[in-house]
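These notes concern the structure reproduced below.
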Amino acid sequence: MNHEGGCMGSRMIKEVTLPIRILLDIKSGVPFYRQIIDQVKTAIATGLLEPGDRLPTVRQLAVDLSINPNTVSRAYTELELTGLVETQMGSGTFVGQKSVEQDEVERRRMLDQICQEFLSRASSYGFTLDDILSNLSQRKNR
């Protein structure tokens, strides 16, 4: 498991690489536990995490993300209550058999979050919205 801290302009990001990358955006206003839940759910829905995949321990993820273990524990507990993960005493937390289907509202919310992170990162390098739209338009026409 890798831990990389980075700075995107004035936005601090904490990143952990598992079978998926967990990114915590300190300035997003979204609670850390919710960011963890959303990213695990998305990874399950897209197949990046499969049933039986082991998640890091609460302590390990908390250390890697430099956050309070109670925050990770809250995320794991909520995921367990929805049946998406299963905790086996002494063995760890694993992705359960239940599948995740993202509804349109959830998909839109995730896209909005991705776009916001993308725009923030691009602006930290001095790109304007017009620069970005022009580049995307060129990519669409390829």
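The values are calculated or read from the model by the stated rules, or taken from the named source; none is laboratory data. All values reported here derive from a predicted model rather than from experimental measurement. We place every Cβ from the backbone using ideal geometry, glycine too, and count neighbours over all the protein chains shown.
Which one is modelled with the lowest pLDDT among residues in the range 20-38 that are hydrophobic (A, V, I, L, M, F, W, C) and under 12 Å from the mean Cα position of the chain (by Cα)?
I20
Does any residue of the range 79-92 turn out to be touching a Gly at 6+ places or on another chain (Cβ under 9 Å) and free of Cβ contacts under 8 Å to residues at least 12 places away in the same chain?
yes
Just checking, which of E50, E78 is surrounded by 12 or more Cβ atoms within 10 Å (Cβ to Cβ), of a type in the set (D, E) and outside the structural domain of I114 (by TED's automatic domain parsing)?
Every option except E78 fails the conditions.
Does V95 count as touching a residue at least 40 places away in the same chain (Cβ under 8 Å), surrounded by 13 or more Cβ atoms within 10 Å (Cβ to Cβ) and either within 25 Å of R121 (Cα to Cα) or touching a Leu at 6+ places or on another chain (Cβ under 6 Å) (or both)?
Answer is yes for this residue.
Among the residues of the range 64-75 satisfying the criterion of being more than 18 Å from G96 (Cα to Cα) and touching a residue at least 24 places away in the same chain (Cβ under 8 Å), which is surrounded by the fewest Cβ atoms within 10 Å (Cβ to Cβ)?
Here the residue is S66.
Does K41 satisfy being in the same structural domain as G83 (by TED's automatic domain parsing), buried (at least 18 other Cβ atoms within 10 Å of the Cβ) and at pLDDT below 75?
no
Could you go through the range 53-61 and let me know if any residue there is of a type in the set (A, V, I, L, M), assigned by TED's automatic domain parsing to the domain that holds I22 and under 15 Å from R21 (Cβ atoms).
Yes, the range 53-61 contains a residue that is of a type in the set (A, V, I, L, M), assigned by TED's automatic domain parsing to the domain that holds I22 and under 15 Å from R21 (Cβ atoms).
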